[in-house]
Structure formats: structure tokens, C-alpha cells
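Below is one structure, written out as C-alpha cells; comments come after it.
The values are calculated or read from the model by the stated rules, or taken from the named source; none is laboratory data. Owing to the predicted nature of the structure, the values given are computational and were not obtained by experimental measurement. Cβ coordinates were reconstructed from backbone atoms using ideal geometry, including for glycine residues, and neighbour counts include every protein chain displayed. Remember, those area values only see protein heavy atoms, side chains included, never the ligands or the DNA or RNA. Shrake-Rupley method; radii C 1.70, N 1.55, O 1.52, S 1.80 Å.
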Amino acid sequence: MCPFINIFGLDVGTYGICCITGGALAILLALYNKKETGLTSLDIIEAAALIIIGGVVGAKILYLIADFDTVSYIITEYGITIKTVMGLLQGGFVFYGGFIGGFIMLLVYSKWQRIDPVLFITAIAPSIPLAHAFGRIGCFLAGCCYGFPSEKFGIAFTESLGAPNDVKLFPVQLLESA
């Protein structure tokens, strides 16, 4: 649909913009929700930073595992070079891996700060669907994670990074985002 927008002559990925927007709004929501837990703003911000790192790493690792055939083909065909590694690190994330990686980092931070992880979960849990909804809008704009062909409720992509172009597909990304 619209995988990139041009900002001052630079093409910026709409998926990344959506993820950053969703993440920022999720942190603001967690800061608002912290009132009931007794956590400080610093606790939430530090935990959020580690959760984001764990989430990105976990999402990438699970993507590489899930698409192992492609990864092994690329490594076999082109070898392990900086170019192939950088190519494999571009795009491709799996939500469940991000959730698991973020949760592990939350537990690490809780143990490190000696704070009950339930307090963090109470403050942060409502933020997860909010951030995920923005990520799915980014998926729609990039044309990845697309649905099945549907003439009645389909949307045809014209500039997709992953979906077949000019085929009406059910916008599963938007349904999940809603």
C-alpha cells in the first residue's frame, strides 16, 4: 500500500513509523497505569527500554527460526558475509518472539531491581495490544502478513513488499489491529 514515505528526500519505512508510534503510546499508557502499582516513572521507562530491546531481539530470532529454510538457503548460496547478515537483519519480525523476549527482559529487570514483576505486568499489560495494533497497521502499509484472497472484502496492494500485487486480499492486519 505505502511501504515508504518520503521525508525531506529520505524514504522512511511506514512499518517502523507505526512501531515507534505504537511503542511511544504504549509507554505513555504504562506511565499512566503506574499510579495504581506504586512504581516510579523511572522504573517504567527503564523496564520499557529493556522490554523493547528484548522484544526486537526475540522477534528477529523467532523470524529467523520460522523462516529457517530461506535463511539456510541464503547462507548456503551467498556465504556468511556482512552483506548477507545485514540482509537477514532487515525486516521480518514475529510478534510471539517479541512478546517472549520482552517478557524475559521484564523478568530480568524485576529481579535486578527487586520489584515484584506482577506490578510491572499490571502497569504494562494494557500497553501490549496498543503497541501491537500500531505494528499491524504498519504490516498493512508495508503489505506483509497479508490475508487470503477475497473478492468481496479484499484490498488489492499495488506497492507491496510481500503481498502479491493487484490481487484482492482480506486485510487481516486491519482486522487484528481493530
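Output the helices (runs of 4 or more DSSP H) that fall wholly within the range 62-178 and possess 2 or more residues being free of Cβ contacts under 8 Å to residues at least 40 places away in the same chain, over 29 Å from Leu28 (Cα atoms) and open to solvent by less than 50 Å² (accessible area, probe 1.4 Å), or say none.
Ranges flagged: 68-78, 82-89.
Evaluate the following for Val12: is it surrounded by fewer than 17 Cβ atoms within 10 Å (Cβ to Cβ) and outside any helix (DSSP H, G or I)?
yes
Right, Tyr32: free of Cβ contacts under 8 Å to residues at least 12 places away in the same chain, among the aromatic types (Phe, Trp, Tyr), open to solvent by 70 Å² or more (accessible area, probe 1.4 Å) and touching a Ser or Thr at 6+ places or on another chain (Cβ under 6 Å) or not?
Criteria not met by Tyr32.
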